[in-house]
């Protein structure tokens, strides 16, 4: 499953989108997922390819768990959409 997830600052004082924060999120996701990230306009966009039968709900749960890490709690999941089936969550 190919997924695009967009992270936004959780509060108005959130630091500028940093690739380091994006890398921290990716490091907390399953290691067999193929990943990529971009940062722009104060957001972090993650591209995730699970390469298996992982469900959209499981991807969203993994992202939610990663963002609960104290080093990342200044980010929130703005959107998480499947690019392979066109479903948004």
**Request:** Take residue 35 and decide whether it is touching a strand residue (DSSP E or B) at 6+ places or on another chain (Cβ under 7 Å), surrounded by 11 or more Cβ atoms within 10 Å (Cβ to Cβ), in a strand (DSSP E or B) and free of Cβ contacts under 8 Å to residues at least 24 places away in the same chain.
**Result:** yes
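Suppose the filter is modelled with pLDDT of 95 or more, crowded, with 18+ Cβ neighbours inside 10 Å and not in a strand (DSSP E or B); does residue 46 pass it? So that I can check it myself, show each step before the final result.
Details: modelled with pLDDT of 95 or more: yes; crowded, with 18+ Cβ neighbours inside 10 Å: yes; not in a strand (DSSP E or B): no.
It is false that residue 46 is modelled with pLDDT of 95 or more, crowded, with 18+ Cβ neighbours inside 10 Å and not in a strand (DSSP E or B).
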**Request:** Considering each residue of segment 39-59, count those that are in contact (Cβ under 8 Å) with a residue 40 or more places away in the chain and within 10 Å of the chain's Cα centre (by Cα), and give that number.
**Result:** 5
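In contact with a helix residue (DSSP H, G or I) (Cβ under 7 Å, 6 or more places away or on another chain), assigned to a helix (DSSP H, G or I) and at negative phi: does that describe residue 66?
On the way: in contact with a helix residue (DSSP H, G or I) (Cβ under 7 Å, 6 or more places away or on another chain): yes; assigned to a helix (DSSP H, G or I): yes; at negative phi: yes.
So residue 66 fits the description; yes.
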**Message:** If I filter segment 4-25 for residues that are in contact with a helix residue (DSSP H, G or I) (Cβ under 6 Å, 6 or more places away or on another chain) and over 15 Å from residue 80 (Cα atoms), do I get at least one hit?
**Reply:** no
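Could you list, in sequence order, all residues of segment 79-89 that are surrounded by 13 or more Cβ atoms within 10 Å (Cβ to Cβ) and either modelled with pLDDT of 95 or more or in contact with a helix residue (DSSP H, G or I) (Cβ under 9 Å, 6 or more places away or on another chain) (or both)? It would help to see each step written out before you state the result.
If we filter segment 79-89 for residues that are surrounded by 13 or more Cβ atoms within 10 Å (Cβ to Cβ), which is where we start, we get 79-83, 89.
Hits for segment 79-89 are 79, 80, 81, 82, 89.
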**Filtered residues of segment 11-24 (kept if surrounded by 15 or more Cβ atoms within 10 Å (Cβ to Cβ) and either farther than 19 Å from residue 65 by Cβ or touching a residue at least 40 places away in the same chain (Cβ under 8 Å) (or both))** = 14, 17, 21, 24
**Complete:** Screening 27, 68, 61 for residues that are at pLDDT 95 or above, within 13 Å of residue 10 (Cα to Cα), out of contact with any strand residue (DSSP E or B) (no Cβ under 8 Å at 6 or more places or on another chain) and surrounded by fewer than 15 Cβ atoms within 10 Å (Cβ to Cβ) leaves only 68
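The values are calculated or read from the model by the stated rules, or taken from the named source; none is laboratory data. What you are looking at is a predicted structure, and each value in this text was computed from that prediction instead of being measured. Counting neighbours? That spans all protein chains shown, and the Cβs are built from the backbone with ideal geometry, glycine included.
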